[in-house]
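Contents: one structure, followed by commentary.
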Amino acid sequence: MTAPGTPGSAALVRLVAGREVSTRIRDKTFLISSAVILLLVLGAVAFQVVIASGAGKVTVGVVGDRSALQPALQAEGKAVGADVTVVGLAGEAAARTALAAGDVDGALVVGSGGAPRLLVERKADPQLTATVQGAVGQLAIGRQLAQAGIDPLDVPQVGVTVVNPGTDPTGERTGIAIVGIIVLYTLLILMGQFVAQGVVEEKSTRVVELLLSTMRPWQLLAGKIIGLGLLGLAQIVAISVVGISGALLFDVVSLPGQLIGTVLTVVAWFVLGYAFYAAVFAAAASLVSRQEDLASVITPMTVLLVIGFFIALQSAGDPSGSLATVTSYIPGLSPLVMPVRMAAGAAAWWEVVLAVVLMLVAIALVVRLGGRIYAGALLRTSGKTKIREALRAERL
Amino acid sequence: MLEFDGLHKSFGDNHVLDGVGFTVAPGTMFGFCGSNGAGKTTTMRIAMGLVRPDAGAVRWQGHHLDQEIRRRIGYMPEERGLYPKMKVGEQVTYFARLHGLDAAAAARASEEWVSRLGLGERRGDPVEKLSLGNQQRVQLAAALVSRPEVLILDEPFSGLDPVGVDSLAEGLLDQVRQGVPVVFSSHQLDLVERLCDSVGILAGGSMVATGTVEELRRREAGRLLRVVVPDAAHGWAAGLPGVRVVSEQAGDTLLELAPGTDDQSVLAAALRTGRVRHFAWREPTLVELFREVVAAPGAPEAVAS
Ligand SMILES: Nc1ncnc2c1ncn2[C@@H]1O[C@H](COP(=O)(O)OP(=O)(O)O)[C@@H](O)[C@H]1O
Ligand SMILES: [Mg+2]
């Protein structure tokens, strides 16, 4: 005989959470979406790899004498961080052909008289202009000094020491934050949907009555939210690990410490955002009894998430703007906007603390109110329940 | 003892339960009868903590039912409910665990009950792939898997074919033999009559009759008289004092005698019509008892629907 003990609250919550995880982990939607998000992040890393490998390579064609120009161009290139290759070209016609074919980024025509001209296909790359300008200028000065009888070698060369190798650290951080926000947003929508579908499934199949004969509504709700939350957290952590490893492996970020810091910020905001949205989605879903009616109650929340997402993207360009600043405090929007502002270095520490506190207060409210709605509406398995009815209903 | 004591419940202006009370002894089966909407489901839901009573209580062995005691009760809701995509075995195991069995015991009990209910081969199938009858068996397995001390089943026989009814009846009798008190509601009164040690009829918000089928019969017995007089003209008994004709068909007459009416005067009247082939007090069936008590004055609301 197995005498049943009495599982306490923690045990019941754990059982519910365990069931959520083990069912979802075999769920097709979950597996496919996980794969898609992972591919997205790997795609972002790969994109960075391509960009990084293409940057800083300049090929200059020279029409005319290049014996003096070649070393000057290469030295100048080094100073501005470009790897300059010099090729000789037969004439201006050949230069135009090479430009059109993309063999050279610019062609320098050194005529017998007058100033040298730089031909470019469409628009001059500032790096290219700087290199050529510098080289030509240096040669000209050297020539004039020589004519004046001064040895050009006496002219001190300005040695450039790169102090900060990342050209734009906040830009890089913002980019990472944007990728993070895309993942965070996708996971919030996905996990919110899972919570909502799970709640309605239990109502529509009436299994909820059997469940509630062994546990309280809050235990069921907590188990569901915690189970799916752990799944979401595991997912975002796994994605972060893959993303960070990829970025470090291919050397696409200049400051690994900042990458990890930004990713951790995003993960922390995911936890806050998930707690908020999971409670809201669960309460909303408990109002309906059929999957078909689900869209009508969760659309407002989904719209809020979408708005937050677009504001976050927008604030990457203008992290100190009033839209970004205000929305980074608003609970529900802050998990999407604040990480971007933090990455851009536009948020002071007290602003972050304020946003977190506001978010925690909102979570506490939403969990309380949502829990009441959920408990009141759960056993009304026919039709739609109004929020007011659910709040007034007797709670078990 | 499982005691339902003075339950009151109103939904708005709808006074559904108005002092419902009955007791079920361990090792007995209690048939809970009543018209649709009488409040049987509400009563059972109160026991399971799914509806809060306005007054009254349900007790098991003298203790108020709380979450802890309820986990030792097997419950089958009127609206069946299982996770459609979850496998049969896993599902039964899950419910066993919710009732407090540890992982190993739950797996063992699930294995045992799934086979016992003839679902051994479907263990790995999702519930939605099963026929309704088999889904009902899974539902029963979910109620029985934790070896409950008490069983509360809301219309467990509805939707079953005769074979299913027999196997469920056998399963419940088996539980009763092990000392479990079983309460079930049903409209199939023949079944209740056959299976139950005691019966309760709910009408108008309270129990209008409770007791063993025998006791109920005795209460109503001596009132219905069946007389078969093949040669009598139709309406032969219509004018007899203290007699109401319940039914009459080709001389086969069912009469209800008012208290104090002399049955011998009825026999004399019958003999006057000619041959009397049958003359006997009739044991009312539960169906007739049910009609009788439910239609009784003081319980008019219960007739509805
Ligand atoms: N949650 C509820 N809200 C309002 N009325 C209810 C609710 N549950 C049951 N009722 C009403 O209570 C009465 C008894 O219902 P029920 O207990 O299901 O009867 P039975 O099971 O005997 O058919 C019905 O009139 C029904 O409409
Ligand atoms: Mg009912």
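With a sphere of radius 14 Å drawn around the Cβ of A:A95, what net charge do the other residues whose Cβ falls strictly inside it have (Lys, Arg +1; Asp, Glu -1)? Net local charge, A:A95 excluded: -1. Site pair B:L173 and A:D103 shows an inter-label distance of 10.0 nm when each label is modelled 7 Å from Cα along Cα→Cβ. Mean-square fluctuations from a GNM of chain A, with a 10 angstrom spring cutoff on Cα atoms, peak among A:K123, A:K386, A:K28 at A:K123. Applying 0.36 nm per residue to the separation of A:A238 and A:R368 and subtracting their alpha-carbon distance, the gain on full extension is 43.7 nm. Peptide B:75-81 is shielded by partner chain Cβ atoms: per residue, an average of 6 of them sit within 10 Å of its Cβ.
Would you tell me the mean number of C-beta atoms belonging to other protein chains that fall within 10 Å of each C-beta in B:45-55, as a whole number? Intermediate results must be reported in sequence, preceding the final value.
On the way: counts 4, 0, 1, 6, 6, 8, 3, 3, 0, 1, 0.
For peptide B:45-55, the averaged partner shielding equals 3.
Between B:S247 and B:Q67, the FRET efficiency estimated from the beta carbon spacing at R0 = 45 angstrom works out to 0.30.
Ellipsoid semi-axes for the stretch B:222-283, based on the Cα gyration tensor and the rule √(5λ), read 16, 12, 11 Å when sorted largest first.
To the nearest 500 deg cm²/dmol, what mean residue ellipticity at 222 nm is calculated for chain A from DSSP H runs of n ≥ 4 alone, each contributing -39,500 (n - 2.57), summed and divided by the residues?
Calculated at 222 nm, the ellipticity per residue is -23000 deg cm²/dmol.
For the stretch B:161-305, the Cα gyration tensor yields ellipsoid semi-axes of 36, 18, 14 Å (square root of five times each eigenvalue, largest first, whole Å). Counted over chain A, the DSSP beta bridges are approximately 25% antiparallel. Basic side chains Lys and Arg get +1 at the Cβ, acidic Asp and Glu get -1 at the Cβ, and with that the dipole of chain B about its Cα centre reaches some 380 debye. Between the stretch A:205-255 and the stretch A:350-370, what is the separation of their alpha carbon centroids in Å? About 20 Å separates the Cα centre of the stretch A:205-255 from the one of the stretch A:350-370. If R0 equals 60 Å, the separation of the Cβ atoms of A:V50 and A:R290 corresponds to a calculated FRET efficiency of about 0.80. Residues A:L69, A:L119, A:L323 in ascending order of nearby Cβ atoms (within 10 Å, fewest first): A:L323, A:L119, A:L69. Summing charges over all other residues whose Cβ lies under 9 Å from the Cβ of A:L228, with Lys and Arg as +1 and Asp and Glu as -1, gives +1.
When the square roots of the Cα gyration tensor eigenvalues are ordered a ≥ b ≥ c, the ratio a/c for the stretch A:56-147 is 1.5 or more and a/b does not exceed b/c, which makes its shape oblate.
Helix B:286-295 and the longest principal axis of the C-alpha atoms of chain B enclose an angle of approximately 80°. Between A:S322 and B:A280, the simple label model (points 7 Å from Cα in the Cβ direction) yields a spacing of 9.8 nm.
Computed with the Debye formula from one identical point scatterer per Cα of the stretch B:93-149, without solvent, the log10 of I(q)/I(0) at q = 0.12, 0.15, 0.30, 0.31 Å⁻¹ comes to -0.24, -0.37, -1.27, -1.31. Full extension of the chain between A:A146 and A:E92 gives 16.5 nm of extra length, using 0.36 nm per residue less the Cα-Cα distance.
Candidates B:H99, B:P26, B:L202 compared by Cα position along the dipole of the stretch B:2-217: farthest toward the positive end lies B:H99, with charges placed on Cβ. In the stretch A:234-371 the Cα-Cα distances spread across 5 Å bins starting at 0 as 2, 10, 16, 19, 18, 15, 10, 6, 3, 1, 0 percent of all pairs.
Cα centroid separation, the stretch B:177-245 to the stretch A:288-325: 65 Å.
Legend: ranking of residues B:H64, B:H99 from fewest to most surrounding C-beta atoms inside 10 Å; resulting order B:H64, B:H99. Build a GNM of chain A with springs between Cα atoms under 10 Å apart, and of A:E172, A:E202, A:E76 the one that fluctuates most is A:E76.
Residue-wise HN-Hα couplings along the stretch A:10-17, as the Karplus relation 6.51 cos²θ - 1.76 cosθ + 1.60 with θ = phi - 60° gives them from phi, are 4, 5, 5, 4, 5, 4, 4, 4 Hz; Gly and Pro carry x.
Ordered by the count of other Cβ atoms within 10 Å of each Cβ, fewest first, B:W113, A:W218, B:W281, A:W349 give A:W349, B:W281, A:W218, B:W113. Per-residue mean of foreign Cβ neighbours for A:10-19 is 3 (Cβ atoms of other chains, 10 Å radius). Label separation (B:E215 vs A:L358): 6.9 nm, computed from points 7 Å beyond Cα along the C-beta direction.
Estimated at 0.36 nm per residue, the fully extended path between B:E128 and B:L267 surpasses their Cα-Cα distance by 43.8 nm. Computed about the Cα centre, the dipole magnitude for chain A is approximately 1980 debye when only Lys and Arg (+1) and Asp and Glu (-1) carry charge, each at its Cβ. What the Kirkwood sum gives for chain B is a hydrodynamic radius of 21.6 Å, with every pair of different alpha carbons counted. Over 47 Å apart: what share of the alpha carbon pairs of the protein assembly as shown falls there, rounded to a whole percent? Percentage above 47 Å: 46. Once the Cβ-Cβ distance between A:L248 and B:R116 is put in as r, and R0 is 56 Å, what FRET efficiency do you end up with, to the nearest 0.05? Taking R0 as 56 Å, the efficiency between A:L248 and B:R116 is 0.45. As I understand it, the dipole of chain A uses +1 on the Cβ of Lys and Arg and -1 on the Cβ of Asp and Glu, about the Cα centre. Which of A:Y329, A:T381, A:F250 lies farthest toward its positive end? Toward the positive end, the furthest listed residue is A:T381. Two decimals is fine: what is log10 I(q)/I(0) at q = 0.12, 0.13 Å⁻¹ for chain A, from a Debye sum with one equal scatterer on every Cα and no solvent? Ignoring solvent entirely, the Cα scatterers give -0.95, -1.05. Within the stretch B:1-154, the proportion of Cα pairs with more than 18 Å between them is 60 percent.
A Cβ-based charge dipole, computed about the Cα centre of the stretch B:29-151 with Lys and Arg at +1 and Asp and Glu at -1, lands at about 60 debye.
Each value in this text was obtained by applying a stated rule to the coordinates, not by laboratory testing. Predicted model only: the values in this text are computed from it and were never measured. Neighbour counts are summed over all protein chains in view; Cβ atoms, including those assigned to glycine, are modelled from backbone coordinates with ideal geometry.
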